[in-house]
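Notes follow the structure.
The values are calculated or read from the model by the stated rules, or taken from the named source; none is laboratory data. This structure is a prediction, so every number in the text was calculated from the model and none was measured. Because the Cβ atoms are built from the backbone with ideal geometry, glycine has one as well, and the counts that use them run over all protein chains shown.
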Amino acid sequence: MGAGDAGVRVSTEPGAIQGVSFHFIVPSSEAVDELMGNAVAAGGGVAKEAAAAQWGGYFGYFGDPDGYLWKAASASYTNFRPGFKHHLKPPRMY
């Protein structure tokens, strides 16, 4: 995933958003919102507002001042649609 998933235009200009993204996984949707708010306060910009994902998590994208694209996401294994059968297990926490 990258710029296409975030809905942003890819550019080769120095300091512009490139075609890949870094991902930052946090434990909750509140943490996603906090992370994105901190990124904006530090000079970044929101590329895609955080929202509930079809797969049950919550995510958004922001660009940092150097032009790198970041995805902030929470991986929720309990918010799947009712009746949806899945075989995912929560990640092992070390």
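Quick check: is even one residue across the stretch 14-21 modelled with pLDDT under 60, of a type in the set (S, T, N, Q) and more than 14 Å from G63 (Cβ to Cβ)?
No.
So, of the residues in the stretch 18-51 that are more than 12 Å from A73 (Cα to Cα) and free of Cβ contacts under 8 Å to residues at least 12 places away in the same chain, which turns out to be farthest from the chain's Cα centre (by Cα)?
Selected residue: A41.
Select from the stretch 48-77 the residues that are of a type in the set (D, E, K, R) and within 14 Å of H23 (Cα to Cα) and write down the one among them that is surrounded by the fewest Cβ atoms within 10 Å (Cβ to Cβ).
So the first thing to find is which residues in the stretch 48-77 are of a type in the set (D, E, K, R), and the list is 48-49, 64, 66, 71.
Restricting the remaining residues to those that are within 14 Å of H23 (Cα to Cα) gives 48, 64, 71.
On the way: K48: 18, D64: 15, K71: 21.
Among them, the one singled out is D64.
Against the conditions (1) of a type outside the set (D, E); (2) at pLDDT 75 or above; (3) surrounded by 19 or more Cβ atoms within 10 Å (Cβ to Cβ), where does G45 fall short? Just the number, please.
Going through (1) of a type outside the set (D, E); (2) at pLDDT 75 or above; (3) surrounded by 19 or more Cβ atoms within 10 Å (Cβ to Cβ) one by one, G45 breaks only (3).
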